[in-house]
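The values are calculated or read from the model by the stated rules, or taken from the named source; none is laboratory data. These numbers come from a predicted model, not from an experiment. No Cβ is skipped: glycine too gets one built from the backbone with ideal geometry, and neighbour counts run over all protein chains shown.
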Amino acid sequence: MDNFSGFPAEDEAGARDAIHFSVLTIVWRSLAVVFAAEFLVMILLHYWTGIPFGLRLDLLDALLLSAIALPVLYHAVLRPVAVLAAGQAAAAANSRLKAVARRAQDGILVFGLDRVIQFANPAMEKIHGYEAGALLGQPVECLMPQEVAGIFRAGMRQFHLLGKDKVIGKGPMEFAGVRKDGQRIQVEISVDNVWTGREAQFIAIVRDVTMRKQAEEVLRESEKQLRRILDALPVAVRIVQEGKVVFANPADARLHGYERPEEEIGAEISRFLAEEEKDRILAFARAREEGGEAPRWHETRARRRDGSTVSVEVSAERIIHGGAPAGLVAIRDLTEQQRLELYEKILPVCCVCGRIRDESGAKRGEGEWVPLDEYVALHSNAQFSHGFCEGCYREYRKKEGLLS
């Protein structure tokens with residue numbers, strides 16, 4: 001491509017005209033100064049020496065000479081010099097811009113209304129797998145799959161008729177591209193047009209986003225897999241971000257008295273806390289999102305939808321969700337555990353003999369029945385002295401016939 005200055009042709013013509021004007025101005029002013037100096041010398045000589053001078057003849061001669069010489073001087077010398085200077089300036093600008101384009105990390109493509117590639121930088125050739133210079137003269141459609149090429153041709157026809165299009169000048173847009181070997185890729189394209197005289201040229205900036213799209217797809221699949229795992233867990237799990245619930249699994253909804261997890265999304269976490277626990281737990285959440293110190297495990301009382309509260313154990317970790325800090329929270333209902341702990345504290349005592357079942361070191365319900373004093377001595381530092389209470393003493397004496 002010969003002209004890659006980045007400026008419309010009329011701008012280059014304007015630069016040449018400006019050079020012409022400045023040179024002509026200098027010439028006219030120089031001639032005016034010379035003529036004025038000559039006229040002044042003639043006047044001084046006339047008054048000092050009395051020598052007459054032909055003012056009319058000299059003035060006409062000067063004007064005639066100027067009228068003849070200036071056009072010849074302009075066309076023979078000044079105009080070629082100005083054109084040469086403008087061409088050299090444009091060539092220097094063109095060379096600099098080509099150097100920038102060749103070093104650009106993004107692909108740069110230039111083509112006309114005929115859809116023929118006029119310039120492609122090395123990054124563009126690398127993106128589509130072409131050798132250096134192989135794209136020049138090729139149709140732009142060679143870089144697109146068939147379905148995109150049809151849309152492109154329709155857009156070019158629309159631009160030719162209306163001077164505008166849905167893509168040109170609209171900023172980065174994603175399209176499918178194709179490499180020389182037929183491999184499909186994803187590209188992000190920005191297209192703008194410039195006018196060179198009466199012809200339109202198009203400059204496309206192309207970025208290969210295939211790796212980014214693949215990474216995004218992998219991330220989406222990972223998030224789907226994680227969601228499936230979390231939904232299957234019997235433990236309540238939620239993600240909290242900026243003080244609001246952004247994810248909750250079915251177990252979390254059941255724990256807090258909701259039918260579906262979607263009913264919790266967007267709710268402030270303060271809604272799920274007992275009144276006396278709000279300040280403490282909210283401080284933990286803020287510290288966790290800001291990267292500060294917060295306990296990983298703590299017990300609290302959660303507030304259910306009907307206003308009742310339940311004892312829970314909370315485990316929280318700081319994570320990145322959607323590119324921003326968040327908290328991954330697992331909540332375990334302690335109601336059943338507390339019930340079991342209470343049950344375990346009840347000692348089974350025989351209502352006939354008063355013996356206690358010692359289940360230490362044995363399965364529940366399979367311990368040995370031992371006397372009370374033996375059990376207490378085994379599980380404490382207590383010491384015993386044996387005797388009779390008053391009731392038992394009377395019964396003993398009666399049984400032994402010792403009562404009078």
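Key figures for this structure:
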{"quantity": "Odd one out for residue 301, checked against (1) part of a helix (DSSP H, G or I); (2) touching a Leu at 6+ places or on another chain (Cβ under 9 Å)", "calculated": "(1)"}
{"quantity": "Residue satisfying all of: in segment 177-204; touching a Leu at 6+ places or on another chain (Cβ under 8 Å) and β-branched (Val, Ile, Thr); surrounded by the most Cβ atoms within 10 Å (Cβ to Cβ) among these", "calculated": "178"}
{"quantity": "Any chance residue 262 is in a loop (DSSP other than H, G, I, E, B) and among the charged types (D, E, K, R)", "calculated": "no"}
{"quantity": "Near pairs, Cβ below 8 angstrom, 6+ apart or cross-chain, from segment 306-324 (at positive phi) to any residue that is assigned to a loop (DSSP other than H, G, I, E, B)", "calculated": "none"}
{"quantity": "Only listed residue being surrounded by fewer than 10 Cβ atoms within 10 Å (Cβ to Cβ) and assigned to a helix (DSSP H, G or I), chosen from 366, 276, 336", "calculated": "336"}
{"quantity": "Close pairs from segment 226-248: first buried (at least 19 other Cβ atoms within 10 Å of the Cβ) and at pLDDT 90 or above, partner part of a loop (DSSP other than H, G, I, E, B) and charged (D, E, K, R), Cβ under 8 Å, at least 6 apart", "calculated": "238/264; 245/264; 248/264"}
{"quantity": "Qualifying residue in segment 99-108 (condition: surrounded by 20 or more Cβ atoms within 10 Å (Cβ to Cβ) and of a type in the set (A, V, I, L, M))", "calculated": "yes"}
{"quantity": "Hits in segment 93-130 (condition: part of a helix (DSSP H, G or I) and charged (D, E, K, R))", "calculated": "96, 98, 102, 103, 125, 126"}
{"quantity": "Residues of segment 182-221 that turn out to be touching a helix residue (DSSP H, G or I) at 6+ places or on another chain (Cβ under 8 Å) and among the acidic types (Asp, Glu), as a count", "calculated": "1"}
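Here's the yes/no breakdown for (1) modelled with pLDDT of 75 or more; (2) among the aliphatic types (A, V, I, L, M); (3) farther than 30 Å from residue 249 by Cα; (4) touching a Cys at 6+ places or on another chain (Cβ under 8 Å):
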| position | (1), (2), (3), (4) |
| --- | --- |
| 340 | no, yes, no, no |
| 344 | no, no, yes, no |
| 348 | yes, no, yes, no |
| 353 | yes, no, yes, no |
| 356 | yes, yes, yes, yes |
| 359 | yes, no, yes, no |
| 371 | yes, no, yes, no |
